[in-house]
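Asks: Mind looking over this structure? Questions follow.
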Amino acid sequence: MPEKGEGGPVVVTSAGAVRGVARPGSAAFLGIPYARAPIGPLRFAAPVPPEPWTEVRDATAFGATPQRGDTGITLIPEPSVPGTGTLNVNVYTPHPDAAGLPVLVWIHGGGYVSGSPASPWYDGGTFARDGVVVVTLSYRLGFDGFGWIDGAPANRGVRDWIAALEWVQENIAAFGGDPSRVTIAGQSAGGGAVLTLLGMPAAQHLFSAAWSVSGALGDVPRSDAEERSRRLAALAGVTADRDGFARVPDERLHDLQERAAYPPSRDRLAVAREMLRELAWGPMVDGDLLPEPTPASLAAGVGADKPLLLGSADDEFTMVTARMSRTLRMIPPGLALGALGVARRTRHAYLRDNPGPRRAGTAALLGRYVSDRVFRHLVPTVADARTDAAAPTWAYRFSWRSPVIGWAAHCLDVPFWFDCLDADRVTAITGPRPPAALAAEMHGAAVDFVRTHRAPWSPWSGAAGAGGGGGNGGAGAGDVRAGTARVFDTPAASPPVIPDAYASTRALS
């Protein structure tokens, strides 16, 4: 049971008592360690449970983050916090005296190389206001979290996710949450983490539902991970094993990891093609935690008993290619796709299925293609892989175009899901008057899913043909699958639920 402590509420966890911050209508407990600091002999080790403490531990400020330094201007403000105890969680609860509340565990994005749970956009206060206990977690990033090292456990960042979820199972009841009602969620790389965990046999007992926002999967082949790590070792002048990498300071490895991922000797197009094929650092198909790529694991039935909500923004990447409009305007779209390695037959089909971006010019078409290749294509791929799942899959599309950015861009939907339009730097990307009604609708749908494991629209349909509807797996013209999805544009969007919602990704199947 929680205790009253000087200056804030006190909750007793399995490792010791923590004192949090009382807020109007909720309480926050920040920087609670779920594992020991990954330094010294634990630097490249699997996470180890924290040392117990006897005094009440202060949990009123964010803990240290694996992200270091200033990452430059990013859409989501994600501050770095110095320190060594980087494996920690933040808990937001309506009240620690509560019991049996649904739990949302949020995993931040950042391409598996950056990101921070200390973002004001990830504050769980709005969910706590609506009766949900929220946990945000940190995990090792880049090479430290996901690089292959001879003599060290693979997928250390993935093991961090598992350790944090085990902490939730052991401790969340003390904060008013129900460990049998845990929904894992995340955006971008965090959304990919959710799908990875959903398809991972070893994680099935740790959560009951999954929500992936603009998920970007790792699924790095082991051979590719080994090659990159050997390049990194060569750049650092050490052997590609645990003893060798242990001699290199964290900052040095961090500085070298991008060069190892994308060698500067390669031309820009070669690098772009490699980046579209897979992320450099991310969960590796290691034959242990990840026995096979995630879509194959889901198709084999792993995670089939867990409801899934997933989707993406319409133009995740177009704001980047739009900056190159002047350079690209004289290049035909088909030629530009060919330069990225898209086969001729796929090019023709893709141009046919994307008339809107094609009319908008080569920059817009390339932006849609990268958005589809990295993010949007994953929605029908995963949803179709779960055709025979016992639990439903719900899909959505975020289509609201920011008047500042001009597109329904990557990260733009996060403050709508969290209903935090007044948070720091939101209006910088939404404009001064973002639609509050849309945020209320999206946040309400998220709360419904966390509470009931159901979304308030029709589940995905795998029916073939452009008409949508029907059962799973019928045959139609060209045997093209259709999938029903909710479109979030404005609260008055018509139609709000459409079939064949990801038709523009068909050619990439």
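The values are calculated or read from the model by the stated rules, or taken from the named source; none is laboratory data. Just so we're clear, the structure is a prediction, and the values are computed from it rather than from any experiment. Glycine gets a Cβ as well: all are built from the backbone with ideal geometry, and neighbour counts include every protein chain shown. For accessibility, only protein heavy atoms count, side chains too; no ligands or nucleic acids. Shrake-Rupley method; radii C 1.70, N 1.55, O 1.52, S 1.80 Å.
Asks: So if we plug the beta-carbon distance of R401 and A300 into 1/(1 + (r/R0)^6) with R0 = 41 Å, what FRET efficiency do we get, rounded to 0.05? Provide the component values of the computation, followed by the final result.
Replies: On the way: r = 38 Å, r/R0 = 0.94.
It comes to 0.60.
Asks: Obtain the nm distance between the two label points defined at L42 and E227 by a simple spin-label model: each point lies 7 Å from its Cα along the Cα-to-C-beta direction.
Replies: 3.6
Asks: Putting +1 on Lys and Arg Cβ atoms and -1 on Asp and Glu Cβ atoms, find which of A349, S504, A128 reaches farthest to the positive end of the dipole of the chain.
Replies: Highest projection toward the positive end goes to A349.
Asks: Related question: If R₀ is 41 angstrom, what is the calculated FRET efficiency for the pair R259 and V497, using the beta carbon separation as r and rounding to 0.05?
Replies: Computed FRET efficiency for R259 and V497: 0.35.
Asks: Considering the options P380, G237, P82, tell which one lies farthest towards the positive end of the dipole of the chain, charges being +1 on Lys and Arg and -1 on Asp and Glu at the Cβ, about the Cα centre.
Replies: Result: P380, furthest along the dipole toward the positive end.
Asks: Under a point-charge model restricted to the Cβ atoms of Lys and Arg (+1) and Asp and Glu (-1), what is the dipole moment magnitude of the chain relative to its Cα centre, in debye to the nearest 20? Present the calculation step by step, with values, prior to reporting the outcome.
Replies: Values: 47 positive and 49 negative charges, 355 e Å.
Magnitude of the dipole: close to 1700 debye.
Asks: Moving on. If packing is taken as the average count of other Cβ atoms within 10 Å, what order do 80-86, 327-333, 217-223 fall into, highest mean first?
Replies: 217-223, 80-86, 327-333
Asks: Taking only DSSP H segments of four or more residues, each worth -39500 (n - 2.57), what value at 222 nm results for the chain once the sum is divided by all its residues, to the nearest 500 deg cm²/dmol? Intermediate results must be reported in sequence, preceding the final value.
Replies: Numbers: 19 runs with 158 residues, N = 509.
Theoretical 222 nm ellipticity from helices: -8500 deg cm²/dmol.
Asks: Per residue, how much accessible area does the chain show when a 1.4 Å probe rolls over the protein heavy atoms, in square angstrom?
Replies: Result: 39 Å² per residue.
Asks: Among G191, I107, G7, which residue has its Cα furthest toward the positive end of the charge dipole of the chain, with +1 on Lys/Arg Cβ and -1 on Asp/Glu Cβ?
Replies: G191
Asks: Next question. Pairs of Cα atoms under 8 Å, at least six residues apart: use those to get the relative contact order of the chain, whole percent.
Replies: With pairs under 8 Å counted, the relative contact order is 12 percent.
Asks: List the residues of region 13-36 whose backbone N lies under 11 Å from a point placed 7 Å from the Cα of A98 along the Cα-to-Cβ direction.
Replies: Only 25-27 fall inside the zone, counting backbone N under 11 Å.
Asks: If you put +1 on each Lys and Arg Cβ and -1 on each Asp and Glu Cβ, how big is the dipole of region 387-459 around its Cα centre, in Debye rounded to 20?
Replies: Rounded to the nearest 20 debye, it is 140 debye.
Asks: Right, next: Say R0 is 35 Å: what FRET efficiency, to the nearest 0.05, do A428 and D58 get from their beta-carbon distance?
Replies: With R0 = 35 Å, the Cβ-Cβ based efficiency is 0.60.
Asks: Here's something else I'd like to know. Give me the distance in nm between label points sitting 7 Å out from Cα along the Cα-to-Cβ direction at D243 and D288, one decimal.
Replies: If labels sit at D243 and D288, their model points lie 2.0 nm apart.
Asks: For E251 and S325, calculate 0.36 nm times their separation in residues minus their Cα-Cα distance, and state this gained length in nm to one decimal.
Replies: Numbers: separation 74, 0.36 × 74 = 26.64 nm, distance 3.60 nm.
That works out to 23.0 nm of additional length.
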